[in-house]
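S.K.: Right, I'll just put the structure down here and ask away after.
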Amino acid sequence: MAEEMKDLALEVKNLNIRFETDDETVYAVNGISFDLEKQKTMALVGETGAGKTTTVLSLLKLVQSPPGVVNADTLKVVGNDVMKMTATELEAMRGKDIAMIFQDPMSSLNPVMTVGEQIAESVMLHEGLDEKAAMEHAKEMLALVGISGDRVNDYPHQFSGGMKQRVVIAIALACRPSILIADEPTTALDVTIQAQVLELIKKLKDEYKTSTILVTHDLGIVAETCDIVAVMYAGKIIEYGSLEEIFNHTKHPYTEGLFNSLPVMGGDRSQKLKPIKGLTPDPSKIYPGCTFAERCPYATEKCTQGFPEYKKFGATHIVACSRYDEPDFHIERKEID
Amino acid sequence: MWKYVVKRILQLIPIILLVSFLVFWLMSLTGDPVRNLLGDQATQEQIEAKRAELGLDKPLVVRYGIYMFDLVRGDMGEALDGKSVSEQFGQRFPYTMLLCGTSILLTVIISVPAGIFAATHKDSLLDTGISVFALAGISVPVFWIGMLLILLFGVKLGWLPTSGIQQGLAKSLILPTVCSSVQCLAAMERMTRASMLDNLNSDYLRTARAKGVKEKTVVWKHALGNALIPIITSIGGQISLLIGGAVSLETVFSWPGIGSYVVAAVRSGDYNVVTGSVIVLTVVVSLVTVAVDIAYAFVDPRIKAKYTGK
Ligand SMILES: Nc1ncnc2c1ncn2[C@@H]1O[C@H](COP(=O)(O)OP(=O)(O)OP(=O)(O)O)[C@@H](O)[C@H]1O
Ligand SMILES: [Mg+2]
């Protein structure tokens, strides 16, 4: 029965990641499971510190270790178990099967190598091109992300922040990876460039048939680019479903909070923004109940006892909230059909 | 780039003038060269006459001017024994440079890989082992290491010459080179390790790894490429230290370089030898500093951009 013949790009079961430092242990990811079908785009949303970057880094086995400790029942990238790969297999996988656009473009480029060399490097490794051909390819990649190919021999410090981000994108896309992980690819950019970059990622998805995980805390971007949404809170996925399910049939109080903290385009201006009250939980503590209970307007006594079980709603819609044990519980946000 | 190099060298001139004047002035305070020359029995007239003959009756600044003018033309005056200082200096200088060269070479060849290894295997048994050795190397005085080496390899085992260069240059180089390298080795290993550690967990190394770059390339190309600046600084510093350290080292091994020449000259109060040697060595150390600055531009495009205005 496990052989549902779905073509999976990613298969993650019970992923746990903690950071063990001298003075404390940080539980960054606590039992995450999800699948990503081929050619689909999944959004990973959540507040800062939710464990988004840590989760996606583990897919490339790039969680810094020590202090990081990664455990998972399954962690498969295009069918191969990352946890069991040798160093050589990992190197062959990275950049080719799965590539990553990193969060901080300012520090993600090697300052003493030209951008051309940095793009060409992975092409030479994975496609076996010689240096000249790889540099030609690097020029094409630069043009693809909207930078003149003449600039291959420039160094990162000669580019603006937005252009650096595009170089980071060009590096990730250089070998046409089957899976693209984009960790907040637009946070460092101003709005017009944000739109261009997103457009680019969408275009590549159509052209190269990539499967994508888009990490962001911008729900507007999610609505525009993603098929599936996973909402993370304190190292757990607390709601998961199709774009339609999450946006129109929001179930989890935290997800509702995320929507309420957004300004609504063309909406009632007099309505005030309602940011989620309280602070994100201390990741070095283990909470017995729902981690969101402290901040949840719907929380009851029961919520602090045992993490809620996942309940299934729509075809793919999964929610972790104990209040739904009560048959007529619903949140304030209206469902849209 | 060339403009920058020339500019840096021209900037040295005032520094060298200042330092050489200080040396010249301090030397003039240390004693009367004429008394050394003529001995205690000389009469006042004899002394006055000799002074006039040597031009020592002129004011300090004038004497300095004359001295520097001669020095630039390669004339460092006469030593007490009447030999030309320039000639002696010219014969000895290559030996000092040779010893510095082999020492720095040995240091870099061993300490840079050791530092990289220690950084990539942080907290392993070998890293700790290397740290202990490095700490010992930094703390132990050079002359003591020299004595030990001489006793062990020279006296006890009789494998290597311990003094001078009579038994062949290559063989004679070994002990002084090892001896002077020990401290540099330790200091540079520490430096390399720290600098590599700074880089090994940086974001751009993660980018490199995410591309599928082999760990070896990640370490030796990406990390080392960025760790080089402090390492080069450290190499420059070690060369200056080696030149300074030549004084004691060359004495221990009777090495026929500038160091032992200067020590002997200080003992006998040989005014011209000391002044000339110290000034020339100062110039050499200054040139090393400039060379280090120029080397930066080759390893870091950001620094190069600053100089070339690109
Ligand atoms: N190398 C590390 N050492 C120790 N703790 C770490 C390390 N990397 C991440 N953490 C911790 O793990 C938790 C999750 O961090 P992560 O970077 O995954 O969050 P994030 O969801 O990506 O946040 P953001 O939106 O700010 O990027 C945080 O509490 C963070 O402090
Ligand atoms: Mg992050």
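S.K.: Does B:GLY74 fit the bill of being out of contact with any helix residue (DSSP H, G or I) (no Cβ under 9 Å at 6 or more places or on another chain) and not basic (Lys, Arg)? Let's see the steps before the verdict.
M.R.: Numbers: out of contact with any helix residue (DSSP H, G or I) (no Cβ under 9 Å at 6 or more places or on another chain): no; not basic (Lys, Arg): yes.
No, not satisfied.
S.K.: What is the number of the single condition among (1) facing another protein chain (nearest Cβ under 9 Å); (2) of a type in the set (S, T, N, Q); (3) part of a helix (DSSP H, G or I); (4) open to solvent by less than 10 Å² (accessible area, probe 1.4 Å) that A:GLN165 does not meet?
M.R.: Every condition holds for A:GLN165 apart from (1).
S.K.: Counting only residues that are under 30 Å from B:VAL5 (Cβ atoms), touching a residue at least 24 places away in the same chain (Cβ under 8 Å) and part of a helix (DSSP H, G or I), how many does the stretch B:262-302 have?
M.R.: 24
S.K.: Among the residues of the stretch A:130-141, is there at least one that is in a helix (DSSP H, G or I), within 10 Å of chain B (Cβ to nearest Cβ) and open to solvent by less than 10 Å² (accessible area, probe 1.4 Å)? Working first, answer last.
M.R.: Taking the stretch A:130-141 and keeping what is in a helix (DSSP H, G or I), we get A:131-141.
Subsequent filtering for residues that are within 10 Å of chain B (Cβ to nearest Cβ) retains none.
No: the stretch A:130-141 contains no residue that is in a helix (DSSP H, G or I), within 10 Å of chain B (Cβ to nearest Cβ) and open to solvent by less than 10 Å² (accessible area, probe 1.4 Å).
S.K.: Grab the helices (runs of 4 or more DSSP H) fully contained in the stretch A:16-128, keeping just those with 1 or more residues being open to solvent by 10 Å² or more (accessible area, probe 1.4 Å), within 12 Å of ligand 1 (Cβ to nearest atom) and under 30 Å from A:ILE276 (Cβ atoms). Step through it out loud before you land on a result.
M.R.: Details: elements: A:52-59, A:87-93, A:105-108, A:115-127.
Answer list for the stretch A:16-128: A:52-59.
S.K.: Here is a list of conditions, (1) buried (at least 23 other Cβ atoms within 10 Å of the Cβ); (2) within 14 Å of chain A (Cβ to nearest Cβ), and B:LEU224 meets all of them except one; can you say which number that is?
M.R.: For B:LEU224, the exception is condition (1).
S.K.: Looking at the stretch B:212-221, which of the residues that are open to solvent by 10 Å² or more (accessible area, probe 1.4 Å) and without any contact (Cβ under 8 Å) to a residue 12 or more places away in the chain is farthest from the other protein chains (Cβ to nearest Cβ)?
M.R.: Out of the qualifying residues, it is B:LYS216.
S.K.: Right, next: Could you tell me whether any residue of the stretch A:70-91 is closer than 30 Å to B:ARG302 by Cα, in contact with a helix residue (DSSP H, G or I) (Cβ under 7 Å, 6 or more places away or on another chain) and hydrophobic (A, V, I, L, M, F, W, C)?
M.R.: No: the stretch A:70-91 contains no residue that is closer than 30 Å to B:ARG302 by Cα, in contact with a helix residue (DSSP H, G or I) (Cβ under 7 Å, 6 or more places away or on another chain) and hydrophobic (A, V, I, L, M, F, W, C).
S.K.: Within the bounds of the stretch B:175-197, is there any residue that is over 19 Å from B:SER234 (Cα atoms) and in contact with a helix residue (DSSP H, G or I) (Cβ under 7 Å, 6 or more places away or on another chain)?
M.R.: The answer is yes; a qualifying residue exists.
S.K.: Oh, and also: Give B:LEU185, B:LEU205, B:LEU135, B:LEU160 a once-over and let me know the one that is crowded, with 16+ Cβ neighbours inside 10 Å, in the same structural domain as B:SER240 (by TED's automatic domain parsing) and in contact (Cβ under 8 Å) with a residue 24 or more places away in the chain. Write out each step before concluding.
M.R.: Values: B:LEU205 fails: in contact (Cβ under 8 Å) with a residue 24 or more places away in the chain; B:LEU135 fails: crowded, with 16+ Cβ neighbours inside 10 Å; B:LEU160 fails: in contact (Cβ under 8 Å) with a residue 24 or more places away in the chain.
Every option except B:LEU185 fails the conditions.
S.K.: Same structure, new question: Pick out the one residue from A:GLN118, A:GLN64, A:GLN103 that is among the polar types (S, T, N, Q) and either within 16 Å of the chain's Cα centre (by Cα) or closer than 25 Å to A:THR255 by Cα (or both).
M.R.: Exactly one of A:GLN118, A:GLN64, A:GLN103 is among the polar types (S, T, N, Q) and either within 16 Å of the chain's Cα centre (by Cα) or closer than 25 Å to A:THR255 by Cα (or both), namely A:GLN103.
S.K.: Continuing with this model, one more query. What are the pairs, 6+ residues apart or on separate chains, where a residue within the stretch A:46-59 that is more than 13 Å from chain B (Cβ to nearest Cβ) and in contact (Cβ under 8 Å) with a residue 60 or more places away in the chain has its Cβ under 9 Å from a residue that is within 9 Å of ligand 2 (Cβ to nearest atom) and in a helix (DSSP H, G or I)?
M.R.: Between residues of the stretch A:46-59 that are more than 13 Å from chain B (Cβ to nearest Cβ) and in contact (Cβ under 8 Å) with a residue 60 or more places away in the chain and residues that are within 9 Å of ligand 2 (Cβ to nearest atom) and in a helix (DSSP H, G or I), the close pairs are A:GLY46/A:LYS52.
S.K.: For A:ASP227, work out the one condition from (1) modelled with pLDDT of 95 or more; (2) touching a Lys or Arg at 6+ places or on another chain (Cβ under 7 Å) it doesn't fulfil.
M.R.: If we test A:ASP227 against (1) modelled with pLDDT of 95 or more; (2) touching a Lys or Arg at 6+ places or on another chain (Cβ under 7 Å), just (1) comes out false.
S.K.: Out of contact with any strand residue (DSSP E or B) (no Cβ under 7 Å at 6 or more places or on another chain), away from every other protein chain (no Cβ under 14 Å), in contact (Cβ under 8 Å) with a residue 60 or more places away in the chain and small (Gly, Ala, Ser): does that describe A:GLY95?
M.R.: Against the criterion (out of contact with any strand residue (DSSP E or B) (no Cβ under 7 Å at 6 or more places or on another chain), away from every other protein chain (no Cβ under 14 Å), in contact (Cβ under 8 Å) with a residue 60 or more places away in the chain and small (Gly, Ala, Ser)), A:GLY95 does not qualify.
S.K.: Also, I was wondering about something else. Which ones in the stretch B:30-45 are out of contact with any helix residue (DSSP H, G or I) (no Cβ under 9 Å at 6 or more places or on another chain) and open to solvent by 40 Å² or more (accessible area, probe 1.4 Å)?
M.R.: Start the filter on the stretch B:30-45 by keeping residues that are out of contact with any helix residue (DSSP H, G or I) (no Cβ under 9 Å at 6 or more places or on another chain), which leaves B:39-41, B:43-45.
Selection gives B:ASP40, B:GLN41, B:THR43, B:GLN44, B:GLU45.
S.K.: Regarding the stretch A:223-244, can at least one residue be identified that is within 16 Å of ligand 1 (Cβ to nearest atom), under 30 Å from B:LYS304 (Cβ atoms) and touching a Pro at 6+ places or on another chain (Cβ under 6 Å)?
M.R.: So far as the stretch A:223-244 goes, no, none of its residues is within 16 Å of ligand 1 (Cβ to nearest atom), under 30 Å from B:LYS304 (Cβ atoms) and touching a Pro at 6+ places or on another chain (Cβ under 6 Å).
S.K.: What residue, of B:MET76, B:MET27, is touching a Ser or Thr at 6+ places or on another chain (Cβ under 6 Å) and open to solvent by less than 30 Å² (accessible area, probe 1.4 Å)? Don't jump to the end; show me each part of the working.
M.R.: Values: B:MET27 fails: open to solvent by less than 30 Å² (accessible area, probe 1.4 Å).
Selected residue: B:MET76, the only one of B:MET76, B:MET27 that is touching a Ser or Thr at 6+ places or on another chain (Cβ under 6 Å) and open to solvent by less than 30 Å² (accessible area, probe 1.4 Å).
S.K.: Further, regarding this structure: Of (1) within 16 Å of ligand 2 (Cβ to nearest atom); (2) within 14 Å of chain B (Cβ to nearest Cβ), A:HIS217 satisfies all except one. Which?
M.R.: Condition not satisfied by A:HIS217: (2).
Results for (1) touching a helix residue (DSSP H, G or I) at 6+ places or on another chain (Cβ under 8 Å); (2) more than 21 Å from B:LEU249 (Cβ to Cβ), shown as yes or no for each residue.
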{"residue": "B:VAL108", "(1), (2)": "yes, no"}
{"residue": "B:ILE116", "(1), (2)": "yes, yes"}
{"residue": "B:PRO141", "(1), (2)": "no, no"}
{"residue": "B:ILE145", "(1), (2)": "yes, no"}
{"residue": "B:GLY158", "(1), (2)": "no, yes"}
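S.K.: With the requirement that a residue be open to solvent by less than 10 Å² (accessible area, probe 1.4 Å) and more than 16 Å from ligand 2 (Cβ to nearest atom), what does the stretch A:181-199 give you?
M.R.: A:VAL197
S.K.: Just to be sure before I move on: is B:VAL247 under 28 Å from B:LEU169 (Cβ atoms), modelled with pLDDT under 85, under 15 Å from the mean Cα position of the chain (by Cα) and away from every other protein chain (no Cβ under 14 Å) in the structure I sent? Lay out the reasoning, then the answer.
M.R.: Numbers: under 28 Å from B:LEU169 (Cβ atoms): yes; modelled with pLDDT under 85: yes; under 15 Å from the mean Cα position of the chain (by Cα): yes; away from every other protein chain (no Cβ under 14 Å): yes.
Yes, satisfied.
The values are calculated or read from the model by the stated rules, or taken from the named source; none is laboratory data. This is a predicted model, so every value here is computed, not measured. Cβ: placed from backbone, ideal geometry, glycine included. Neighbour counts: every protein chain shown. Surface accessibility is based on the protein's heavy atoms, side chains included, excluding ligands, DNA and RNA. Shrake-Rupley method; radii C 1.70, N 1.55, O 1.52, S 1.80 Å.
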